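First comes the structure, then the notes that go with it.
The values are calculated or read from the model by the stated rules, or taken from the named source; none is laboratory data. Fair warning: this is a prediction, and the values are worked out from it, not measured in the lab. Every residue, glycine among them, receives a Cβ derived from its backbone with ideal geometry; neighbour counts consider all protein chains shown. All accessible areas refer to the heavy atoms of the entire protein, side chains included, with ligands and DNA or RNA removed. Shrake-Rupley method; radii C 1.70, N 1.55, O 1.52, S 1.80 Å.
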Amino acid sequence: MKVLMLAAEAAPLVKVGGLGDVVGGISAELRALGHDVRIALPHYGFISAAGESQSVLSVRWGRAKVKSSCIETAIEGTPCLLIGGRPIAPGESVYAQTAAIDIRRFVFFALAALHHVQALGFQPDVVHVHDAHPGAAVHWLQQAASTEPFWRRTARVLTIHNMVYQYNEAAEALALGGLKPASDNRVPTWARAGLLALAIRAADRINAVSPTYAKEIVAQEHGAGLHALLLARAGRLSGILNGIDYQCWDAATDSALARNFTAETLPAREANKRALQQETVLPVGPAPLLGMVSRLDHQKGLDLLARALPAVLREGKAALVVLGSGDGNIQAALQQLAADFPERVLLNFRFDEGFARRIYGGADMMLVPSRYEPCGLVQMIALRYGAVPLVRATGGLRDTVTDCDVDPASGTGFVFDAFTPRALRAALRRALTRFEDRSFWRGMQRRGMALDFSWAAAGRRYQALYRKAIEDRSARGTD
Ligand code: ADP
């Protein structure tokens with residue numbers, strides 16, 4: 001199959017969060033399965049990647065025609081088209097400070113990318129759009145299906161990584177691209193010019209990044225106002241769990257670790273814990289070491305942690321290391337915790353992949369107390385590195401971690417339900433008690449390390465989803 005991926009991020013070239021990892025990962029896996037995959041990204045100002053110019057053309061943008069360039073580079077072997085043009089050019093970061101700038105940039109990118117691949121003669125069987133950013137492409141393709149023979153058979157697939165970012169005020173940018181907002185009643189009035197809503201409305205297949213998230217977003221709590229639209233399209237909605245790159249995340253070869261280890265050589269892992277304790281100037285010794293690697297965002301539940309933890313830290317000898325960057329208010333809440341427990345809490349507010357790896361490889365537990373979590377990569381990496389995850393039962397966290405008190409024979413971590421300090425505290429206390437039983441803990445680490453969250457399973461599922469989308473398209477013809 002010929003597949004065009006449209007996204008705002010694709011790792012390792014462009015990565016802000018999990019979205020980048022997923023677009024890079026799934027593209028590589030689909031290529032390994034024999035598909036002809038191209039990724040298209042906006043040519044952000046900070047990308048200096050040298051590449052070959054493929055085409056230069058004019059894109060209709062209001063009354064003007066705007067020049068757009070297309071340079072080909074590669075992301076881990078997958079051809080990547082960098083789409084340039086005036087509305088994209090000024091940005092030095094992936095996401096601008098205002099939604100209005102982003103909307104203009106991403107609408108232009110989505111439409112220009114389609115023009116470029118057509119000019120290059122790459123006729124995709126599937127255009128796979130990730131999240132709201134390139135959502136205008138799905139809307140445009142729906143109309144092009146009846147007017148442009150080149151696009152008549154192209155199936156439209158949308159993956160939802162996060163419902164919260166919707167880009168709802170896009171009428172002006174859509175008009176610049178010659179597009180109108182939706183007019184049907186299934187879409188709430190406030191979202192009719194929304195890039196995510198338009199993509200949900202016109203996609204042949206929609207998938208969320210975990211089976212539980214696919215169920216959650218058709219209900220009010222997690223649907224971010226679009227639950228009724230999603231429910232109306234429930235027959236087209238499924239969930240495919242993300243994978244992680246098993247070569248990139250491998251404790252047996254990870255050069256960031258003081259000592260490499262496998263499930264068979266788990267005692268060697270202790271050297272990483274010691275090194276992490278020394279690096280963070282936390283007390284060196286057998287006391288449980290909790291870790292957290294996270295964007296500092298409301299979604300991630302760090303406020304809950306800051307409220308739940310003091311009682312637990314007062315009772316025992318556990319220590320906590322946090323690596324995260326983002327929201328200043330969340331930093332302040334954590335700083336209070338560190339001020340109250342200076343010898344037991346170490347904070348690091350930066351983005352540092354090497355340090356993240358040393359936390360995964362050395363902490364006894366990784367905490368992920370999210371309000372919502374579409375899939376979550378942190379708990380999957382933690383399981384692979386023998387750090388026992390403690391997570392809230394939401395989205396992909398629920399799909400990937402089995403509570404060891406609910407199911408002692410196959411448990412891989414600790415899961416709590418209610419988003420309350422009390423529920424998190426109870427889970428932490430259970431974890432600290434279980435930690436005392438070294439052989440039980442080892443068994444849990446080994447079971448977690450034996451799980452398979454590589455891209456192989458997700459790749460097969462996406463392949464099947466594409467086939468369904470292509471069938472849908474040929475059955476429906478023009479919309
Ligand atoms: P999200 O995409 O919502 O941020 P995920 O769990 O899906 O959350 O993915 C987060 C990814 O980013 C993981 O690979 C995690 O290790 C990494 N990460 C998050 N914060 C940092 C940080 N401060 N430094 C290094 N890596 C980080």
Q.
I'd like to check which strands (runs of 3 or more DSSP E) are fully inside the range 1-116 and have at least 1 residues that are in contact with an Asp or Glu (Cβ under 9 Å, 6 or more places away or on another chain) and within 27 Å of LYS468 (Cβ to Cβ).
A. 2-6, 36-42, 78-83
Q. For residues in the range 249-276 being open to solvent by 20 Å² or more (accessible area, probe 1.4 Å), within 22 Å of ALA450 (Cα to Cα) and charged (D, E, K, R), which is nearest to the chain's Cα centre (by Cα)?
A. ASP250
**Q.** Residue among THR394, THR412, THR420 that is touching a residue at least 12 places away in the same chain (Cβ under 8 Å) and either in contact with a strand residue (DSSP E or B) (Cβ under 6 Å, 6 or more places away or on another chain) or farther than 19 Å from LEU304 by Cβ (or both)
**A.** THR412
(Q) I need the full set of residues from the range 9-27 which are over 12 Å from the mean Cα position of the chain (by Cα) and either more than 16 Å from the ligand (Cβ to nearest atom) or open to solvent by 50 Å² or more (accessible area, probe 1.4 Å) (or both), in order please. (A) PRO12, LEU13, SER27
Q. Of the residues that make up the range 216-224, is at least one under 24 Å from VAL23 (Cβ atoms) and without any contact (Cβ under 8 Å) to a residue 60 or more places away in the chain?
A. yes
(Q) I'm checking my understanding of the structure. Among residues of the range 277-302 that are in a helix (DSSP H, G or I) and either within 16 Å of the ligand (Cβ to nearest atom) or at pLDDT below 95 (or both), which one is surrounded by the most Cβ atoms within 10 Å (Cβ to Cβ)? (A) LEU302
Q. Scanning for something surrounded by fewer than 24 Cβ atoms within 10 Å (Cβ to Cβ) and in contact with a Pro (Cβ under 6 Å, 6 or more places away or on another chain), does the range 38-45 turn up at least one residue?
A. yes
Q) Does VAL138 satisfy the condition of being β-branched (Val, Ile, Thr) and more than 16 Å from the ligand (Cβ to nearest atom)? A) yes
(Q) Please go through the range 144-181 and give me each residue that is of a type in the set (Val, Ile, Thr) and farther than 21 Å from ASP131 by Cβ, ordered by number. (A) THR147
Q: Count, please, the residues in the range 221-247 that happen to be over 28 Å from ALA382 (Cβ atoms) and open to solvent by 50 Å² or more (accessible area, probe 1.4 Å).
A: 5
Q: Can you tell me which residue among SER58, SER53, SER68 is among the hydroxyl-bearing types (Ser, Thr, Tyr), surrounded by 23 or more Cβ atoms within 10 Å (Cβ to Cβ) and in the same structural domain as PHE108 (by TED's automatic domain parsing)?
A: SER68
Q.
Criterion first (of a type in the set (D, E, K, R), surrounded by fewer than 24 Cβ atoms within 10 Å (Cβ to Cβ) and more than 11 Å from the ligand (Cβ to nearest atom)) does ASP399 satisfy it?
A. yes
Q: Within the range 356-375, track down each residue that is within 7 Å of the ligand (Cβ to nearest atom) and touching a strand residue (DSSP E or B) at 6+ places or on another chain (Cβ under 6 Å).
A: ALA356
